[in-house]
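Each remark here refers to the structure printed beneath this line.
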Amino acid sequence: MQDNEEIKKSEKVKRLPKIISALALAWLTSSYIYPVYINLGGRPIQINMFPELYLIPLFGLWRLRTEKSPYQRKRVKWMIGLFFLYWVIIFSLYPKSPFVDGTTYSTYLAVHMVGSLPFFLLMTGIIFMGKRADCGWNCPCVFDRETIGFAFRDATLKGEFWWRFRHIKWAGMVIVWGYFIYMLLAPAQAFTRFGKGMYTAILWAYYLSFLIIPFTGHRSFCRWGCPWAATWGILNLAGFYKIKADVDKCADCGLCERECDMGVPIRKLIYKKGMIRSTECMGCGRCVNICPNSVLTFHDYRDVFKSHNLSSLERNIRLAGGLTLTGLIFLDPHSPWGYIGFAFFLTGLFGFCPTYVLINAVINRIRKTTGQEKS
């Protein structure tokens, strides 16, 4: 009898996060689909505007309390930090971003709008760091799904049948890039005639996808519907990123595939190619860190351009941060910060910082001089 009561209590504890998550996902969806207003001082105020600002940190804290993997806890911390840096602070400093057609639009949306400055900067980062530069670590959609929707991770649909559905998003990618060509050919007409309707349809699909998370898992839109995930997937193949496999160590236990939220047939890929080089891999690192035999290892630009005097983490920070600042060259050509950012990008890319060499030379000179005086 006591065991049955403990089982019931355990089931209630497991259900509670899902109930709260489902309610939060519905609230998130309503922010775009059904805005709710109250009258405050004679002015209508939308009370469900930008719920990500409080839901992502709250559910992020829950993730940190419940996540058992040290690597994933570190990843969640980075995601929360990047959320505030890129999607709150930078958005506040630079609310508008330029497009190739000469127009400007909200920076918050422009990152995932083809033809914008941040869009091309992000493309560059993905070539060097892989799809994880957006889909794994730094996309607002991912923040929502990896925090608010994470309670439904166990609902992820996997297997050969669901793996085929990944091709649906290629249709969206073709439409988006077709619009880009239209924007170049007819910049004055493209957005009003086609772009506005296209982005509205994408946003409706995006927000409605939160409602199916309890039935399909938290990354279903990333797997089947996101045109940006399709574009980044091509760069996953064309760029430096991949996960290499030491197949001789593989025990064929299947843990990697059970951990993969994107439904990637990992064992099939590594036995065939000796690596995971797929349009679907988002670089979350679950397969790499769950493997008991250390079969899988990350590889990216740092394995091609060997470092001289910078750590691996510092190179990533310099490359990503420098690339971000490089955008200032186009926003304010007379400011030095964009050019300084580009220099930081290069130091990260090649793993060499000349400033460190000068500082070490000065320190060694001081030590040598001080040693001579003491003698």
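Just so you know, all these numbers are worked out from the coordinates, no wet-lab data involved. All values derive from a computational prediction rather than experimental measurement. Glycine gets a Cβ as well: all are built from the backbone with ideal geometry, and neighbour counts include every protein chain shown.
The table for this structure:
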| read-out | value |
| --- | --- |
| Computed E for TYR54/LEU93 - FRET, C-beta separation, R0 22 angstrom, nearest 0.05 | 0.55 |
| Projected label distance in nm at LYS18 and LEU211, using a 7 Å step from Cα toward the beta-carbon | 2.0 nm |
| Global form of segment 256-375, assessed from the alpha-carbon gyration tensor, a/c cut-off 1.5 | oblate |
| Cut-off 13 Å, label 7 Å out along Cα→Cβ of PHE350, residues of segment 305-324 by amide N | 305-309 |
| Full-stretch length increase - CYS253, VAL36 - with 0.36 nm per residue and alpha-carbon distance subtracted | 73.2 nm |
| Percentage relative contact order, segment 240-304, counting C-alpha pairs under 8 Å, at least six apart | 51 percent |
| Cα-centre dipole for segment 312-374 with unit charges at Cβ (Lys and Arg positive, Asp and Glu negative), debye to 20 | 380 debye |
| Charge dipole magnitude, Cβ of K and R +1, D and E -1 - the chain, Cα centre, debye nearest 20 | 540 debye |
| Rounded if a/c under 1.5, otherwise prolate or oblate - segment 218-285, Cα gyration tensor axes | oblate |
| Positive-end residue of CYS222, CYS284, VAL100, charge dipole of the chain with Cβ unit charges | CYS284 |
| Extreme residue, positive dipole direction of the chain, given options ILE359, ASN236, THR29 (C-beta unit charges) | ILE359 |
| Relative packing of 148-156, 84-92, 38-46, which averages over residues the other C-beta atoms within 10 Å, highest first | 148-156, 84-92, 38-46 |
